Ligand SMILES: [Zn+2]
């Protein structure tokens, strides 16, 4: 989905639930809709602050938490204090994490969709979520060493 379409979805969802769309809040939504990077709250804050210097970190936290509760962002917790967020694809999906440069990208392998279907078939569980993180060294980091 392109950035504008995702941004429209996010603003429509917030409006429908009666939330006010302040310029700062729209800026947070825009950063989330644009980013392919799985940003943490601090990184979202840095980008929003560039356009709205008066924005507080609390505003970013509140907006991200709200979107998480509404199922519009996927939170990825790695045990540290900075969770990473994916708003382009809020449904669970596998990720690849480079242990050298810490880059976090989506892992698109069709067999994982089949796996979820197989879980249902084998166990009767309607899968609501799962977590799969593959850790390794990315191609760029491997070529450096
Ligand atoms: Zn992702």
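Derivation of every value follows stated rules applied to the coordinates shown; laboratory data play no part. All of these numbers come straight from a predicted model, not from anything done at the bench. In this analysis, Cβ positions are derived from the backbone assuming ideal geometry, glycine residues included, and neighbour counts consider all displayed protein chains.
Using every pair of separate Cα atoms, the Kirkwood estimate puts the hydrodynamic radius of the range 61-143 at 14.4 angstrom. Using the Cβ-Cβ distance between residue 15 and residue 115 with R0 set to 22 Å, the FRET efficiency from 1/(1 + (r/R0)^6) comes to roughly 0.05. Rank 47, 24, 126 by mean-square fluctuation in a GNM of the chain with C-alpha springs under 10 angstrom and give only the top-ranked residue. Highest fluctuation among the options: 126.
For the chain, what's the relative contact order in percent, using C-alpha pairs closer than 8 Å and at least 6 residues apart?
19
Result for the chain in a Gaussian network model with C-alpha springs under 10 Å: among 61, 45, 19, the largest mean-square fluctuation is at 19. Distance from the Cα centroid of the range 121-145 to that of the range 37-58 is 28 Å (rounded to whole angstrom).
Using the alpha-carbon atoms, what tilt in degrees (0 to 90, nearest 10) does helix 41-51 show relative to the longest principal axis of the chain? Helix 41-51 sits at roughly 40 degrees to that axis.
As a ratio to 2.2 N^0.38 Å, the alpha-carbon radius of gyration for the chain is 1.16.
Counting only alpha carbon atoms, the long axis of helix 57-69 and the longest principal axis of the chain meet at about 50°. Using Cα atoms only, what is the angle between the long axis of helix 3-16 and the major principal axis of the chain, expressed in degrees (0 to 90) to the nearest 10? Long axis of 3-16 versus the principal axis of the chain: about 70 degrees.
Using the beta-carbon distance between residue 145 and residue 102 and R0 = 25 Å, what value does 1/(1 + (r/R0)^6) give for FRET efficiency, to the nearest 0.05? Write down the numbers at each step before the final one.
Details: r = 16 Å, r/R0 = 0.63.
The calculated FRET efficiency here is 0.95.
Determine the shape class of the range 1-61: with a ≥ b ≥ c the square roots of the Cα gyration tensor eigenvalues, call it rounded for a/c under 1.5, and otherwise prolate if a/b is greater than b/c, oblate otherwise.
Working: a/c = 2.00, a/b = 1.20, b/c = 1.67.
Oblate shape, in that a/c is at least 1.5 and b/c is the bigger or equal ratio.
Taking label positions 7 Å along the Cα-Cβ direction at both residue 1 and residue 134, the computed distance is 2.5 nm, reported to one decimal. In this label model, residue 127 and residue 57 are separated by 3.6 nm, measuring between points 7 Å along each Cα→Cβ vector.
Summarising the overall dimensions of the range 46-107 from its C-alpha atoms, the Rg and Dmax are 13.2, 36 angstrom.
Most mobile of 27, 122, 16 per a Gaussian network model of the chain (Cα springs, under 10 Å)? Answer for the Gaussian network model of the chain: 122.
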